[in-house]
Each structure stands twice: as structure tokens, then as C-alpha cells.
Amino acid sequence: MGYRRNLFAVTSASFIGFMGFTLVMPFLPLYFHQLGVEDVGRVAMWSGLSLGVTPALTAVLAPLWGRLADRFGRKIMVERSLASFVVVMSAMAFVSRPWHVFALRMIQGLFAGYGALTLTMAADSAPPGRMGQAIGTVQTAQRLGPALGPVFGGSIAAIAGLRRAFMVAGAFYFLALVLVFLMYDERIARAHAEGGALASPGGESGTSARRAVTFRNVLAFENFLLMAVVIFGLQFVDRSFGPILPLYVGELGTTTARIPLVSGLLFSVAAGAGAIGHHYCARLLQRRTATQLIAAASAVAAAGALAYVAAHDVRWLFVATPLFGLAIGVGTTAAYTAAAAVIPANVRGVGFGLLTTASLVGLAVSPVVCGLLAATSIRAVFALDVVALGALAIAVHRLGGDGGRGNRTPADEPVPENL
């Protein structure tokens, strides 16, 4: 019962938080217009800087926040992050200059990172055999929140204005904060961590418990670095569609008036299929190892991207997109689960922080690389995706080893707190 309550708390907080973020951020260029920026180039500059600074800082600081969470507790770190978002998002409703938005987004990046920590909290609370389900459930919420956020945000902005939409976003984060504060019980996670220690040989921490663990040590855990590369690769490929999909839809003969509708439908289909993949990955992990699932999912996603390369009209895209999104969802959850299974519970915050850094680097690099490549050929972007996914499938198949079921509770001994 305690596990379900904890999972509900972190899943709800993730969904509300991710949805709150996308209530307003897609409309940031319009907000800069309201702040008096008329030149399109300057709007694009301020929008790019403001949207990019938060994930860039989060990528750098996520391992540090994870390290502090391992030392002082995950819950307090998530509450800290959500509280900062309440303040920052509410403050954006009162800005009067473009640089005010940029400065607030920078502050947001300094205190962000709750997404990785909610995954850690779900994994910590999961009983034996349920880790994959816990991680997949939270990732499903993190996928669905951004899919629904712009719809509600656009409605709120149309009714009450963009400034008030920021206040609503702040209220969303406050609700997420209240849910974590009232419902998440960190004692359950500690009990599972202690149970893992008792399950280790001899029930003692042994040599490893006396050895200080650094970031380099975490990277050296079995297959951890490989899983970080997988997460980077899957995020890179997943985000490659954003800058070019509307252009490709037009290139395939869709009329200008229908391009936004068709593109929006494809983005929604991809998000929905990805959420289904996250959700059902746990069931697949009961039959196959995590590395087998990642290799298979990468191959299936490569087939979906190949269909994009060969497409002659948009009907091909509506066949390929659900296949692609489903495979990306399964592969991502399997990679996080495989990594979590080899990290001792009391340094899992550091581990998930490093995985988040890999994900955010993929998020940051993909639009730049794919945008430059699309200047030559849009199909070349999807061809690059096919090559990248094929390389991931081969690398995981050859280097991943058995990989376990990914749902097991790690029997690794706990490591010292003095990271």
C-alpha cells in the first residue's frame, strides 16, 4: 500500500509538473512580442536563449543535485526544486523586459532536476520485481504531461492572457509540491534500501562500503555507461523530428493550410505511442532481459525511421510514427531500468543525475545537428536516425551481456555516504 501511495505521489507530481511547464513555454515567442520585441530575429534570439539555458544548466547540475539527494534525502530535493518552480513561474507573470525572462529561466535551470529525482524515488520505493513498472509509470506521466500541456495552455492564454497563464503554471507546481509533501513516505524507500543491504552476501557492507565512491565509480558500474549512451542516442533520435517534421509534411504534398493539423496529429501520435511503450515495458521485462529489449526496440525504431526515409506521402508517416514512438518508449524505460538495477540504492540519485545529463545533452545537440543536416536534405535526418538506431542495437546486443531482467532489486552492497 505504501509503495502504491509513493508511486501515485511521484507520478502525479511528474505529470502535473511537466504539464505545467508546457502550459506556457511553447508560447514564449508570443510573450516576447507582448514585452515589446518587434523584430522577428530578436524574438527568435531571446526565445532560443531562454528555452536553451534551463536544460543546459540542468544537464550540468543534475549529478550534483542527485549527489545531494543521496546524502540528505530525495524528497527534500524534489520539494526544493518544485518550490523554486512555483516562485519562478509566478514571477514570469510580472516581468517587463526580455532579459527578465532569460534571468528567471537561468534561475530555473539552477534549481531544476526534479524529473530525474522522481524517477529515483519511484525506483527506491519499488518492491522486488516492480522497479521496471515504477520507472515506466513515471516516464509515462512525463511523456503525457507535455503532450497535453500546450492544449490547456493555449486555451488558458486565449481566455485569460499569457501573463495569467504563467500564474496558472505556478499553481500547477504548487499542487505537485503539496502532493509530494503530503503523500510521499521516504521511510519506505529507506526500508527497501536496508533490505537490499541485508540481502547482500554476509549482510555486511564489506570492502565496497568502506570505499569512497566518485562519479567515475558510478560510471564504472556494469553496463551503466552503455545505458547512458543508449539514453543519449534515443533522446537524440526522438528530438530530431521536432525542427523538421512540419517541413517534411509539406514536402510530401500536404497543403499549407493542413500542415499544422497533420504535424500536430503526428506529434500527438508519437507522444501517445511513447507513453504506451513506457507503460508496457515492465511486462516485457518479465519475459526478456533489458538489453534484449533495448536492442529489439532500437531495431524496430530504426525500421520506423526507415519508413520515413522511403515515404511518398503522409500516409506512410501515420503508419511509421506509432511504431517508432512505441519502440522509443520501450527502449528508454528499459535503459533506465537496467541502469537502476546495477546502482546501489544509496547512490542512485547520482546515477540518475548522470543519466539525466546524457538525456539533456541529446536534447540540446539533436535540434542543432538535425537542423544543419536538414538544410541539405530532410530525408538525410531520418537516414541519420536509422544509422544511429542500428548502431545502438548492434552495440547493446554485443556489449550488453545478459543484462538481467531489469526488474530485480539490486543486491549490490550500499556504498558510503561520503561521496
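The condition (being of a type in the set (S, T, N, Q), over 21 Å from Phe15 (Cα atoms), in contact with a helix residue (DSSP H, G or I) (Cβ under 6 Å, 6 or more places away or on another chain) and modelled with pLDDT of 90 or more) is satisfied by just one residue among Ser298, Ser240: Ser298. Taken over the range 70-93, the criterion of being over 30 Å from Gly161 (Cα atoms) and in contact with a Phe, Trp or Tyr (Cβ under 9 Å, 6 or more places away or on another chain) is satisfied by Arg74, Lys75, Met77. Only a single criterion out of (1) without any contact (Cβ under 8 Å) to a residue 60 or more places away in the chain; (2) closer than 14 Å to Phe224 by Cα is not satisfied by Thr356, namely (1). Take Ala44 and decide whether it is more than 17 Å from the chain's Cα centre (by Cα), farther than 19 Å from Phe352 by Cβ, open to solvent by 40 Å² or more (accessible area, probe 1.4 Å) and of a type in the set (A, V, I, L, M, F, W, C). The answer is yes for Ala44. When the range 262-295 is examined, which residues are found to be β-branched (Val, Ile, Thr) and modelled with pLDDT under 85? Residue satisfying the conditions is Val262 alone. Just to be sure before I move on: is Phe224 at pLDDT 65 or above and either open to solvent by less than 10 Å² (accessible area, probe 1.4 Å) or within 18 Å of Gly349 (Cβ to Cβ) (or both) in the structure I sent? Yes; evaluated as a whole, the condition is true for this residue. Filtering the range 301-321 to residues that are surrounded by fewer than 19 Cβ atoms within 10 Å (Cβ to Cβ) and under 16 Å from Ala270 (Cα atoms) leaves Ala303, Leu306, Ala307, Arg315, Trp316, Phe318, Val319. Regarding the range 99-110, can at least one residue be identified that is assigned to a helix (DSSP H, G or I), open to solvent by less than 20 Å² (accessible area, probe 1.4 Å), in contact (Cβ under 8 Å) with a residue 12 or more places away in the chain and among the polar types (S, T, N, Q)? The answer is yes; a qualifying residue exists. Is it the case, given these coordinates, that Leu61 is over 25 Å from Met167 (Cβ atoms) and open to solvent by 20 Å² or more (accessible area, probe 1.4 Å)? So Leu61 passes the test.
Applying the criterion of being surrounded by fewer than 19 Cβ atoms within 10 Å (Cβ to Cβ) and part of a helix (DSSP H, G or I) to the residues of the range 29-41, the residue that is modelled with the lowest pLDDT is Val40.
When Val180, Val151, Val168 are screened for being hydrophobic (A, V, I, L, M, F, W, C), open to solvent by less than 20 Å² (accessible area, probe 1.4 Å) and assigned to a helix (DSSP H, G or I), only Val180 passes. When residues in the range 51-64 are screened for being modelled with pLDDT of 85 or more and not aliphatic (A, V, I, L, M), 1 of them pass. Pro128 meets all of the listed conditions (1) in a helix (DSSP H, G or I); (2) open to solvent by 30 Å² or more (accessible area, probe 1.4 Å) but one, namely (1).
Test of understanding: among Ala297, Ala303, Ala310, which residue is in contact with a Gly (Cβ under 7 Å, 6 or more places away or on another chain) and not polar (S, T, N, Q)? Just a single option satisfies the conditions, and that option is Ala297.
The values are calculated or read from the model by the stated rules, or taken from the named source; none is laboratory data. Computed from a prediction, not measured in an experiment: that's the story for all the values here. Heads up, the Cβs are rebuilt from the backbone with ideal geometry, glycines too, and the neighbour counts pull from every protein chain shown. These area figures cover heavy atoms from the full protein model, side chains too; ligands, DNA and RNA do not enter into them. Shrake-Rupley method; radii C 1.70, N 1.55, O 1.52, S 1.80 Å.
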